[in-house]
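Trainee: Structure incoming, see below.
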Amino acid sequence: MIVRILGEDQFRLSDEAFQSVSAADDEVQAAAEAGDEARFQAALSELIREIRVVGSPLAPDEFVGSDAVVPGEGTSLEEARELLSDEGLIPN
């Protein structure tokens, strides 16, 4: 799976990395459903950190479509709602 962090880079997630990132995405979704901006910000930061840690950055000259797009840090819940689906930011 390829995940883009808006304003940053794309990352390739192995199956194991996907599981870890998916758990963080579940918290983002729960915070969004609760309408809790502070919880959403914390969960989004954790999701982005997890993607950076477990994902492998794509080379700048590697052009691949993204399977999921994650808003950059500091994106408000209202702004992120456009990217959220019933499955969160990263589809299962």
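The values are calculated or read from the model by the stated rules, or taken from the named source; none is laboratory data. Treat the numbers as computed from the prediction; the structure is a model and nothing was measured. Every residue, glycine as well, gets a Cβ built from its backbone with ideal geometry; the counts of neighbours run over all protein chains shown.
Trainee: Examine segment 78-88 for a residue that is assigned to a helix (DSSP H, G or I), at pLDDT 90 or above and over 12 Å from the mean Cα position of the chain (by Cα), and state whether such a residue exists.
Mentor: No; the residues of segment 78-88 include none that is assigned to a helix (DSSP H, G or I), at pLDDT 90 or above and over 12 Å from the mean Cα position of the chain (by Cα).
Trainee: If you don't mind, there's one more thing I want to ask. Kindly provide the set of residues from segment 1-37 that are surrounded by 14 or more Cβ atoms within 10 Å (Cβ to Cβ), of a type in the set (G, A, S) and either in contact with a Gly (Cβ under 7 Å, 6 or more places away or on another chain) or more than 16 Å from G74 (Cα to Cα) (or both), ordered by number.
Mentor: Within segment 1-37, A17, S20, S22, A24, A30 meet the criteria.
Trainee: Then there's this: Looking at E46, E62, E50, can you tell me which residue is out of contact with any Pro (no Cβ under 9 Å at 6 or more places or on another chain) and either surrounded by fewer than 14 Cβ atoms within 10 Å (Cβ to Cβ) or in a loop (DSSP other than H, G, I, E, B) (or both)? Talk me through it step by step, then tell me what you get.
Mentor: Working: E46 fails: either surrounded by fewer than 14 Cβ atoms within 10 Å (Cβ to Cβ) or in a loop (DSSP other than H, G, I, E, B) (or both); E50 fails: either surrounded by fewer than 14 Cβ atoms within 10 Å (Cβ to Cβ) or in a loop (DSSP other than H, G, I, E, B) (or both).
Being out of contact with any Pro (no Cβ under 9 Å at 6 or more places or on another chain) and either surrounded by fewer than 14 Cβ atoms within 10 Å (Cβ to Cβ) or in a loop (DSSP other than H, G, I, E, B) (or both) holds for just one of E46, E62, E50, which is E62.
Trainee: Can you tell me which residue in segment 65-86 is nearest to E8 (Cα to Cα), limited to those that are touching a residue at least 60 places away in the same chain (Cβ under 8 Å) and surrounded by 11 or more Cβ atoms within 10 Å (Cβ to Cβ)?
Mentor: Once the filter is applied, the top-ranked residue is G72.
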